[in-house]
Structures are given as structure tokens and as C-alpha cells.
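Chemist: Okay, here's the structure, questions in a sec.
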Amino acid sequence: MSTPIPYVQSAASQQVPPPYHFPGVTVNTFYFNVSMAKVQEYCDRYLNIGDEKTRGYVYRPLAAWPYASVLFLDYPTMISAAPASEQLGEVAYADRGAISQTEVFVAIPLMRYGVGAARFITDTTLEWALPFICVGNPMSSVCGREMLGLGKLLADIENTEGKYPDSFRGSISLPGWPDTEPGTKQAMQEFLTIDTKPVLPTTAGTQPPRRTMASLLEGREAMKLLGGVASAANFIDSFSLGLIPTSMRTVGLKQYRDAAHPHRAVYQALVTCRAQYTRVRDVQFYNERDVDMSFNDAGSFHQILKVFLDVPEKATGLPFSVNTVAACRFMADINFDTMRVIREFPIDRDGGLPPTPGSSDLIGRWYRPLRGFFGPRRGVHTP
Amino acid sequence: MTAFIDSFSTDQLLPPWYSADMRMWSFIVPVDRQLIEAHLKTRFNEPAPDQAPYFYTPLPGKTYGLLCVARHDTFSSIYEKKVGLDTVSHTELYWTFPVIRYRVNADNLRHDPQQVWIQPFAFDNSSYVMFSAREIWGTEMEMAAVSMEEGSTPGDLRIDMAIEGMAKFDPKARSQSIGCMRMGLKSTATKADLHALLESDDDLNAFVDILMGAGVFTGDFDHAAPGREPGMEVNTLRQFRDVFNMDCAAYRAIVASRTRHGNIRDLAFFSGEDTLVEFLLSDSMKETFQAMFGQRACHPHSQLPTKPPHLGAPGTPPTNWLLDHMPVEVALVISYTADARFDIIRTLHTYGQKT
């Protein structure tokens, strides 16, 4: 699969090439407890594919951070920063204008451990799985699904101020089936709602706020400290060892089906992308005790929820409330870039052909600039 | 076998599909042979980098295509007799034309000609159908808002379609809901006598014969003309752009599928002279429409008497219909209700496969 295959370009192509630049993004983030067993199940199904010794890595949940986060992002401007190609023969993507959209995803931090003593050191790194992601713009959903290994669903997303000034209300409506009965037609249904009271400090809601990291950072001393640090992003990155997303390296399974045999894959790879949050500003916290987050555990939505929540075995048809442990909002500029195929899996073929060769590029991000000093690039054409 | 790992985000309407009571409007539009040849060259006939063992040419004689709008009220996946979580309602719009596909042998000789259909563009108002079409059999379908209204008389027919896109490419431009296509019949339109229309036009007569042979509006799911498979075989270029090099594909293949119509009813024909079909030339769509229908004279406004609707999301700015309207000539209109079945046949060729 290493032979360059030309792509037939057209102005209407929905597959807009990366990297992307998103200035002035408003992010509302809500943290909740997640079951380590669920996360491990997710890792084993979608990331730890094949024999551990052959693939050379294993994904595990981050025991020190048993939280998932729901992020509501409002992108006023999305720009493809792809440099113009001589073969494009059309207006460069960067010169076509901007789109805007809303996006919601669930993010869970994972550790990818290299297998074996040497790889444990060089290949171990922190990455983020996005077990659920939806967007409001069709082109964004196509790019995510077909190019980046992100299973973006197309949704109607409400992302606005709630009842109180400076509060937040978010909701997602998705196409879904209200029940599993034969013949029931798909319809747009509410999947998730989140309501908050105003950002802290506020006289509305529960008093006094519980003292978690959120309320701690709201304190006068912490705010002084924040003000003294040149970049809030750097501070948060250092303070939380990268767990508050200022530079998220996402990992996803990108795969294409066989057209005639949809249970077979004709391409399968783990793809990582960097979402770098710069100029993080206006960081404000909500009182987590006054956040109401509720998923709709009905019909086909149950399949989504059971991936990352401890829902009952069967759909209840009722709202499933989730306790929030911290919640904040901020603004940032986001760059989405540095895509890598870290593991391309061999694909079995018919007609007596041998499987396509697999490949690996698993070096951890910290070791990547140094690896040239310690030997040749490895991992190409591994089985 | 390498198993595809299913998840809720990829578990969309696996084929085969079955549509009960599909409502179809087909507009027969003459199309320039050279434009068909240009499309076939870039999508199917050029090496990429290896040569597919097929060669595609336009049909002999005057060339036509079908602009189809189909409303599927009950559209289901029947993959492995799936029951439940499998039915949607949606409306699609696509452009398709017949061509001849030859097999090419090792000596570069063409043989075994077969008529197949090509679908250069398609739109749908269901994200699940769009994901399935794009990701499984490769039609580069776009999400659209489609309004299809049929009244008590043929002249009440109005089909309006909008997409999210750019009216004008400009670094400061913003994407918005933009008009894409308008169709309708004139208020004076009445059902036409097919035989009378075809008697005066041998080329159109020949094309209608092709449609009848393919069972497009005479269909029976399992019966076909002698020596032919039932239904229409559609060949699609399935490609996914590489994230590292925008000029390259991570995967590229030719996929064959088959559409069959059965239980045809409410069949009616209308003269093309009673029809208005207009494409709106935004920068997002101009290239696609002109590649298929050529560069034609445009009107600044629609020639349809009714105002176009707002087709954007609630609370968004009005759909931008202030674009050049490019009318296309229609030879004949066919409308009917039918049941339809759609199957994938196989992947004909995968590019870049090393042996």
C-alpha cells in the first residue's frame, strides 16, 4: 500500500485536507468519573488489536486519572491551513473561506505502553481516546470519519447561555431509534443535556462550593498565581501533567469496510492527531455541584452510552444522570495538526495474494526528537 | 480475513437496502459526449498508478443522463436479515448516465462490453445514508436539505435543494446554506403521451429503450431482458484522501453495485418542455455542475414562479439563493412509485495493490 495513489480532486470534495486552524474557540468542559473496566474494554476492542508481541504496545486506562470529560466546543472560524498543492488546479483550501461549527466529544486519557524494556521507555506516551464525538457541520463529520479516524456523528448541537447570565446550557440531538422494534423509523432525539449555574463566584446555586480542583483554582491565591504566569495554558499543562487538555494527542481507529463484505476491513490503522490549545484565556469554573448532566438512555442511544458509562445492561428509556466532579470554561486557539499513522495493521486479501504489509511508528512524543541519535528509524514493514 | 471492528459510529445501514413505496421523479437530460468522456478519463480510465482492467466509453449515438429525485419513506437495511434499528426516511438526488464498460486483457485488448451506469454526484438529507454511501460503496454523496412537494396537479411539483457551502471562494467568506438546485413543472403541464413524444425523436426513443431494458420504470426484481441482469449496475470510484499528501488517496477502488426497481405503479410521463430544472452556481458546486452540463447561459433569478424556501437549520440566516441559475434542457420526465432494492456486487479493482 506504499505506492502513491492519485486522489481525484474536485472543488466539491468534502475531504478537506489538514492541518486545520481554529481561532477563538469557546470550550465548556465537564469531568465525571469513569469506570476503569469500561475504559480497558474500549482499549481492548478498538486499540489493542492483534497479538501484543507483534503490535508492540498496549493501551491501558490512566489509573491516576479515573475521569472522562465532556467538551462542548464552539468554533466560530475553522480554516484548512493545508498548503496549496501544484496539482490542485483550484483555489487553495486556505483561500476558500471559513466554516463555523459546534462539536461535542467525550475524552478519556490513556497510556500507551511500549512492550519490552527498550520500548517501554521510548514508546510509552499519553494519548486521548474520543469514544464519542459529534459535530454540527457535515463537512467536518466527513473529514473526521474518512481521514482522521474520528467517528464523528452529525448532530444538532445547542451551545448557549442557560437560565442565568454567565451560565451554560448545552444539548445534543442525534438521529436515533426510540426502540429496537422492527420497522421503527429513525428520528432526531435528544441525546444529552447539560445545565449549569453561573460561573464562580456566584450567589446562585449551592453555597459554598465544594473544594475540588475547580474551587481551589477559583481562590484568590490561585488566581494571583494564574495572573503571574505568562501563559495559562503552560500553567495548566504543568499543574495537571497534561491532563487538562492544552495539547491533546488523540488516538482513533481509522478503518474502511470491504464494499461487498461489510464485516471485513480493507484498511485498518491507528491514527493520532494533535489538538494544540494555545492562548488559553478567560478560564472560569462552574460549581460542579450545580451541573446537571443527563444522557437519554433510550433505544439505539444505549449502544453509545454503554461504551463509556456504567449503564444497566438494557436500555431503561429514562434519563441517565452523571455526577460532575469539575467543570470549567475557557477560550483558546486550537491547531489540529501533526497526524501520524502509528500502526497500520496487515490486511488479509483474497485471490492468493499475501496480506498487505503492516507498519509501526510508535515512538513516544518526548523521544521523537532524540531518536535520530540512537539508531535507524524502525518499524517500517513490521508484520 | 481481517475483521472490521464495528462501533455505534460505523454501524450505519449496511447494504443490501430495501425501499418500500419509493416515490421517484426522473428527468432525462441530454449530456455532451465529451463531458462524459472527460469524467470517465479522470475517474476510471487513467492509471492510478496501475491500470484497472476495464475501460469505459460513452454509449454510441446521442447521450443522455438521468437526474433523479427519490423520496424513500421506508428505507431499510436488510443486511443479514437485520431486524430493528434499521429503518430511515430520506430523500436523495443524484445524476447518473449509462456507459459501456469493456474488460481489458493482458494484451490491452478490449472485450466483453457491458452497459453500466456512472453516478458523478449525489445528495441526501440523511446523515446515516450519506455515511453509508460514502464509506461503503464510495459515492461522494453530500449532505443536503431537500424540499420535495407534490400537489394535486403536476404543475404543483417543486423540488428545492440547498447545501452548506461557499457562495464565493474568498479568504473572508463564511460557509452558509446555499441554494443548489430547483426543479418544477409549469402550471400548464399535463401528462404526456409517451408514444407520441418518442415517435418524433429517435435518439430519445433509443434511450427510453435502454431504461426499459434496465427495468427502470418497467421493473421486476428478478426478471430482465434475455441475456441481461435485472436492474442497473452502477460503478463508483471509491476514494479516501490521504492526510499526509492531499494529492494522494489512502484507498482507491472501483465498486460495482446494482439497483433494481419493482412493483412499479402511478407511472406518468411529462414533456421536457413543461419542465424547469435549474442548477445554482456557487463556487462550491459550479465545477461539479459545469463538468457535467457544460458552461451555459445563466439567469440571475429562478424562472420558477414560486419563491424558494429557507432550507438552513432553524435560527440560521436565510438560504442564499442569490446565485446564477443555470437551466438545463430536459427531454422527458418520468414519475412513478416503486419498491427498490440496492445490492453491492463486488469491488472490481483496488488500486495500488502489490502482489
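A short reminder: the numbers here are calculations on the coordinates, not readings from a lab. Because the structure is predicted, anything quoted here is derived from the model rather than measured. Reconstructed Cβ throughout: ideal geometry from the backbone, glycine too, with neighbour counts over all protein chains shown.
Chemist: B:ARG296 to A:ASP337: FRET efficiency via 1/(1 + (r/R0)^6), r the Cβ-Cβ distance, R0 45 Å, to the nearest 0.05? Don't skip to the end; give the middle numbers.
Modeler: Numbers: r = 42 Å, r/R0 = 0.92.
My answer for the efficiency is 0.60.
Chemist: Order these peptides, A:195-204, B:106-115, by their mean beta-carbon neighbour count within 10 angstrom, highest first.
Modeler: Top of the packing list down: A:195-204, B:106-115.
Chemist: When Cβ neighbours within 10 Å are restricted to other protein chains, what is their mean count per residue of peptide A:133-143?
Modeler: 4
Chemist: Can you tell me how much longer the chain between B:ARG265 and B:THR57 gets when fully stretched, taken as 0.36 nm per residue apart minus their C-alpha distance, in nm with one decimal? Write down the numbers at each step before the final one.
Modeler: Details: separation 208, 0.36 × 208 = 74.88 nm, distance 3.32 nm.
Extra length available between B:ARG265 and B:THR57 comes to 71.6 nm.
Chemist: Taking the C-alpha atoms of chain B, how large are the radius of gyration and the largest Cα-Cα span, Dmax, in Å?
Modeler: According to the Cα coordinates of chain B, Rg and Dmax are 20.3, 62 Å.
Chemist: Can you tell me the dipole magnitude for region B:117-200 around its Cα centre, using point charges on the Cβ only (Lys, Arg +1; Asp, Glu -1), in Debye to the nearest 20?
Modeler: Working: 8 positive and 12 negative charges, 70 e Å.
My answer is approximately 340 debye.
Chemist: Quick one: if you take sqrt(5λ) for each eigenvalue of the C-alpha gyration tensor of region A:20-374, what semi-axes come out, biggest first, whole angstrom?
Modeler: Sorted largest first and rounded, they come to 33, 26, 22 Å.
Chemist: When all C-alpha to C-alpha distances in region B:306-355 are sorted into bins of 5 Å, what percent of pairs does each bin hold, rounded to whole numbers?
Modeler: In whole percents, the pair-distance histogram is 4, 9, 9, 9, 9, 12, 14, 15, 10, 5, 2, 0.
Chemist: Something else now. In Å and on Cα atoms, what radius of gyration and Dmax does region B:213-316 show?
Modeler: 20.2, 55
Chemist: Using only alpha-carbon positions, what ratio does the radius of gyration of region B:1-115 give when scaled by 2.2 N^0.38 Å?
Modeler: Rounded to two decimals, the normalised Rg is 1.41.
Chemist: What number results when the radius of gyration of region B:49-136, computed over Cα atoms, is divided by 2.2 N^0.38 Å? Show your work: numbers first, answer last.
Modeler: Values: Rg = 17.4 Å, N = 88, 2.2 N^0.38 = 12.1 Å.
Here the answer is 1.45, to two decimals.
Chemist: How far, in nm, would the chain grow between A:ALA204 and A:ALA117 when pulled straight, counting 0.36 nm per residue and subtracting the alpha carbon separation?
Modeler: Full-extension gain reported as 25.9 nm.
Chemist: Still on this model: If I stretch the segment between A:SER247 and A:ASP350 completely, what's the gain in nm (0.36 nm per residue apart, minus their alpha carbon distance), one decimal?
Modeler: 32.9 nm
Chemist: Cα convex hull of region A:85-202: how many Å³ per residue?
Modeler: Looking at region A:85-202, the number lands at 255 Å³ per residue.
Chemist: Also: Per residue Cα convex hull volume for region B:105-193, in cubic angstrom? Before the final figure, lay out the partial values.
Modeler: On the way: hull volume 20.2 nm³, N = 89.
For region B:105-193, the hull spanned by Cα atoms encloses 227 Å³ per residue.
Chemist: Given a cut-off of 52 Å, what percent of all Cα-Cα pairs of the protein assembly as shown lie beyond it?
Modeler: Everything past 52 Å amounts to 14 percent.
Chemist: Which listed residue (B:VAL83, B:MET1, B:VAL208) has the Cα farthest towards the positive end of the charge dipole for the protein assembly as shown, taking +1 on Lys and Arg C-beta and -1 on Asp and Glu C-beta about the Cα centre?
Modeler: Going by the Cα projections, it comes out as B:MET1.
Chemist: Then there is this: With no solvent and one point on each alpha carbon, what is the Debye value of log10 I(q)/I(0) for region B:258-331 at q = 0.14, 0.25 Å⁻¹?
Modeler: Taken in order of the listed q values, log10 I(q)/I(0) reads -0.66, -1.15.
Chemist: Further question: Per residue of A:181-187, what is the mean number of Cβ atoms on other protein chains within 10 angstrom of that residue's Cβ?
Modeler: Average per residue, whole number: 6.
Chemist: Taking every residue in B:82-89, how many Cβ atoms of other protein chains lie within 10 Å of its Cβ, on average?
Modeler: 6
Chemist: Starting from the Cα of B:THR153, move 7 Å in the Cα-to-Cβ direction to define the label point; list residues of region B:192-213 whose amide nitrogen is under 16 Å from there.
Modeler: Correct set: B:192.
Chemist: Hey, another quick one. Please arrange B:HIS90, A:HIS21, B:HIS195 by how many other C-beta atoms lie within 10 Å of their C-beta, fewest to most.
Modeler: B:HIS195, A:HIS21, B:HIS90
Chemist: For region A:304-345, which trypsin sites (Lys or Arg not before Pro) are both in a DSSP coil and crowded by at most 13 other Cβ atoms within 10 Å?
Modeler: A:LYS314
Chemist: Taking the Cα atoms of region A:266-317 alone, what are Rg (to one decimal) and Dmax (as a whole number) in Å?
Modeler: For region A:266-317, the Cα radius of gyration and maximum Cα-Cα distance read 17.8, 48 Å.
Chemist: Give me the distance in nm between label points sitting 7 Å out from Cα along the Cα-to-Cβ direction at A:ASN323 and B:ALA20, one decimal.
Modeler: Computed distance between label sites A:ASN323 and B:ALA20 equals 4.8 nm.
Chemist: Another one. At q = 0.12 Å⁻¹, what is the base-10 log of I(q)/I(0) for region B:112-259 according to the Debye formula with one equal point scatterer per Cα and no solvent? Please give it to two decimals.
Modeler: The Debye formula, applied to the Cα set alone, gives -0.81.
Chemist: Here is a further query. Could you calculate the FRET efficiency of B:ALA3 with B:LYS172 from 1/(1 + (r/R0)^6), where r is the beta carbon distance between them and R0 is 45 Å, rounded to 0.05?
Modeler: For B:ALA3 and B:LYS172, the calculated efficiency is 0.45.
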